[in-house]
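Step one of this worksheet: look at the structure below.
The values are calculated or read from the model by the stated rules, or taken from the named source; none is laboratory data. Source: prediction; values computed, not measured. Counting neighbours? That spans all protein chains shown, and the Cβs are built from the backbone with ideal geometry, glycine included. Protein only, heavy atoms only, side chains kept; ligands, DNA and RNA dropped before computing areas. Shrake-Rupley method; radii C 1.70, N 1.55, O 1.52, S 1.80 Å.
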Amino acid sequence: MTSTRTGFREHAEGRATLGDPPLVVWRFVDGKPGHEKQSCGLLQGIEALQSIEVYEFDMRFKALLYRQLRACLLGGETDLPMPHLLIGVGHRTHLPLLIARLVCGGRSIVLMKPSLPQRWFDLLFIPQHDHHRRTPNVIETRGVICPTSDATKDPGHGLILLGGANPHFVWSIREVAAQISAIAEASPNVHWQICDSRRTPSGSSEVLPAAPNLTYRPWRSTPPDFLEKALARATYVWVTADSTSMLYESLSARAQVGVIHLEPKHPRRSNKHIMGIDLLSSQGHIRLASQGYNLDRSADSPRFFPENHRCARIVVDRLTN
């Protein structure tokens, strides 16, 4: 069975067509929550424009994918409808996604800079701070694509999100703790929940400051959807500089966002994370710790428009042209 590179209007036997709603999406995941949130964000945007059916392939367990590929190759009946769209995030998803596209049809979309040649994919959404070749199939994004929320904000609720060991910044829990203390003091009427992550070194909680408006919430003791719900509610969010995905997720949740300072490991080298933070700061979307710890902003502050709906429109426009 062959695939087409000219569009989705494929009429070969057994293939889905764009004229038959809903849009069938095969979603490739690798088990990393940050990657899954990115594809969730794009799917949320597409679903706002067109009905979709999503079928998930976990690359840690490939039996379902192999069964689909085998049925396609042998001309047999498949368990799932043929895809219009195949979406993947994470390097482990790229090659299986391409094989599925070749065997079963559809168009391939990746939400990051791939380790494989860019020309092999139909559409790539790559953050503008990543170094990549500018080709017609590449769409630059402002940070990573994230889900959005229109939930009502609580002005008394704030989050402090901690990263940890990383290749780009020196992680010092004592310096972070000092900035958290300043945040709590600057906003005494906001109740702050401090949330660590898998990268946060063990024992960090022992260094964190104690204050009436601070509560520590270790990730191991929270339900899987805790952070998503907390971000939807929070008016204010502080994020450590190493947590790029959480920075853009907080902005997409329409929070007022500040960045907790960390020293770069290699000050003389170009650091794409610092470049991204500096750009957001220059555009007025975030506050740096060096600018003060009060996140209250004027009503005319520029609003950060999430990328998932813009990128979804690009996908749908390219599908229907």
Could you give the angle, 0 to 90 degrees to the nearest 10, between helix 63-74's Cα long axis and the longest principal axis of the Cα atoms of the chain? 20 degrees
Over what distance in Å are the Cα centres of region 228-265 and region 64-109 separated? 35 Å
Highest average packing first - 23-30, 182-189, Cβ atoms within 10 Å: 23-30, 182-189
In whole Å, how far is the Cα centre of region 112-158 from that of region 172-223? 29 Å
Nearest-0.05 FRET efficiency for Gln283 and Ser172 at R0 = 35 Å, using Cβ-Cβ distance, is 0.80
Would you please put 99-112, 64-77 in order of how densely packed they are, using the mean number of other Cβ atoms within 10 angstrom per residue and starting with the highest? 99-112, 64-77
Rolling a 1.4 Å sphere over the protein heavy atoms, what is the accessible area per residue of region 26-166, to the nearest Å²? 42 Å²
Counting only heavy atoms of protein chains, what accessible area per residue, in Å², does region 206-321 have with a probe of 1.4 Å? 53 Å²
Per the 1.4 Å probe, what fraction of the accessible area of the chain, in percent, lies on carbon and sulfur atoms? 52 percent
